[in-house]
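Worksheet: the structure to be examined is printed underneath.
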Amino acid sequence: MFKKIVRYFTPFEWTLWLGGMAAIAAGFIFGQERNLLSLFSSLFGVTLIIFNAKGNVWGQVFAICFSVLYGLLSYTKAYYGEMIIYFALMTPIHIASIVIWLKNLNKDAKHLEVKINTVSAREYAVAGVCTVGLTVAFYYVLKALNTDNLIISTISLVTSLAAAYLMLRRSEFFSVCFVLNDVILIIMWSLKLSTDGISVLPSVLCFSIFLIDDAYCYLSWRKLKFSQRVSTQKQEGQDGGPNVSHGGCQNEGQYDGQGGCQGEGQG
């Protein structure tokens, strides 16, 4: 069991995961002000991305834990936009993603792995228009709540909405949106350093690590998508496509070695 867990992740993935957790823990231990919400949300965040990179549904379970803790942290820092995003948007979407991912597993995989979807250009366009419309409306909601760093919080909403939708649709581009979101959140939490001190440093470190991990997640999903496509093509060939190695015959015994198939009628 232990060996299976160790071998499930590549050495590079173990480095990303453990290295990220060690950096976050160090920021908490050596900081003068220690925020447990920031610490544990960051640890869950690093963990969920590594599992997501494998297309593993457990990443969505860890994401729910992250969303709840991060939403509470955002509330304490008056980032009401982030609080609403993670309580009202991300948590329900992670729950829905668990259901959808479990219904769309890659049956050819040795481990728990979601089947990656291809989203049409039209769907991307419609999703983009809807996201912009919701963001404009949400801007005024955040403004009414006197949200700190209003513009940055609004931009964070755009990237979060796009990432959430694409994650639900099992598109590899959800990680690209999360990369953009990470950049925004690094800036947003860095602005809090001047007022809240280094108690928010784990959050800054967290999203800096997220930036690296989400970039890797995208590359990992591209690789998974390619391997799934190759596996599907092979399966289709075995189920009903022509067998090239046997001259197109149904089985090896029918091939006569001269380009024909024994036992088949002549047209």
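Read the figures in this text as sums done on the coordinates, not as results from a lab. Note that this is a predicted model, so its numbers are computed, not measured. Glycine also receives a Cβ, built like all others from the backbone with ideal geometry; neighbour counts cover every protein chain displayed.
Taking amide hydrogens as placed 1.01 Å from N in the peptide plane, the amide H of residue 105 sits under 5 Å from those of 115, each at least 5 positions away in sequence or on another chain. Rounded, prolate or oblate: which fits region 10-227 when a ≥ b ≥ c are the square roots of the eigenvalues of the alpha-carbon gyration tensor, with rounded for a/c under 1.5 and prolate only if a/b beats b/c? Judged from the Cα gyration tensor, region 10-227 comes out oblate (a/c at least 1.5, b/c at or above a/b).
Is region 167-212 best put as rounded, prolate or oblate by its Cα gyration tensor, with a ≥ b ≥ c the root eigenvalues, rounded for a/c under 1.5, and otherwise prolate when a/b is larger than b/c, oblate when not?
Prolate, because a/c is 1.5 or more and a/b exceeds b/c.
Between region 123-198 and region 14-49, the alpha-carbon centres lie 22 Å apart.
Would you work out if region 84-178 is rounded, prolate or oblate? Take a ≥ b ≥ c from the square roots of the eigenvalues of the alpha-carbon gyration tensor; rounded if a/c is under 1.5, else prolate when a/b is larger than b/c, oblate otherwise. Since a/c reaches 1.5 and a/b is larger than b/c, the shape of region 84-178 is classed as prolate. With R₀ fixed at 30 Å, the C-beta to C-beta distance from residue 223 to residue 22 puts the FRET efficiency at about 0.70.
In region 10-227, taking the dipole from charged Cβ atoms about the Cα centre, the farthest positive-side position among 116, 25, 72 is held by 116. Note on the chain: with charges restricted to the Cβ of Lys and Arg (+1) and Asp and Glu (-1), its dipole about the Cα centre is near 300 debye.
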